[in-house]
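The values are calculated or read from the model by the stated rules, or taken from the named source; none is laboratory data. Computed from a predicted structure; not experimentally measured. Quick reminder, even Gly has a Cβ in these numbers, built from the backbone with ideal geometry, and neighbours come from all protein chains shown.
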Amino acid sequence: MQFLETPFFGMRQMTWHLRNEDHAVNETRVRRLMRLMGLMPIYQKPNTSRPGGGHKTYPYLLRGLRGDRPNRVWCVDITCLPMRRGFLCPAAIMDWHTRMVLSWRILNTLDADFCVEALNETIYRFGPPDIMNSDQGSQFTAFAWTDRLRRSGIRISMDGKGRDLDNIFIERRWPH
């Protein structure tokens, strides 16, 4: 009943509450019972779509553009999956025409270097595209990412703020 009133209580808060109600429980028991009952607390996910301070954003270049051939437009995105102790964040680069995931990485930090590694691998394997589209997240507005794109002659396109539909092909790959 308490979980319905406070769905944000995790194992530690629930243990604290039950002890205050004079129940003899420990964290291990509460964790086991919450798992058995399928109770998962509601918590705030990391915001991966926030631009880094002082980072430049770019206009959306794909309005009205047809993905009529492979390697013309690539898109990239990151999502975060909750784990027992923190998050794992898969990042993927996909071709708009073929809808094929060209490369991916699993991150445990929200650092741009992992994305640049995936980009380097993809350019090495397939050659550079004409345009790379992303959201305005800190990884994709970071100098390391935008500099690598510019040095490869790739035009940079970014979704509008709060516009998941601008990058729909890769957004629907992730569980929501």
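Tabulated data
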{"item": "Some residue of region 76-88 being buried (at least 20 other Cβ atoms within 10 Å of the Cβ), touching a Phe, Trp or Tyr at 6+ places or on another chain (Cβ under 8 Å) and at negative phi", "result": "yes"}
{"item": "Scan of region 15-65 for residues that are under 28 Å from the mean Cα position of the chain (by Cα), under 20 Å from R84 (Cα atoms) and at pLDDT 85 or above, ordered by number", "result": "R31"}
{"item": "Residue ID - surrounded by the fewest Cβ atoms within 10 Å (Cβ to Cβ), chosen from residues in region 95-150 that are more than 14 Å from the chain's Cα centre (by Cα) and of a type in the set (F, W, Y)", "result": "Y124"}
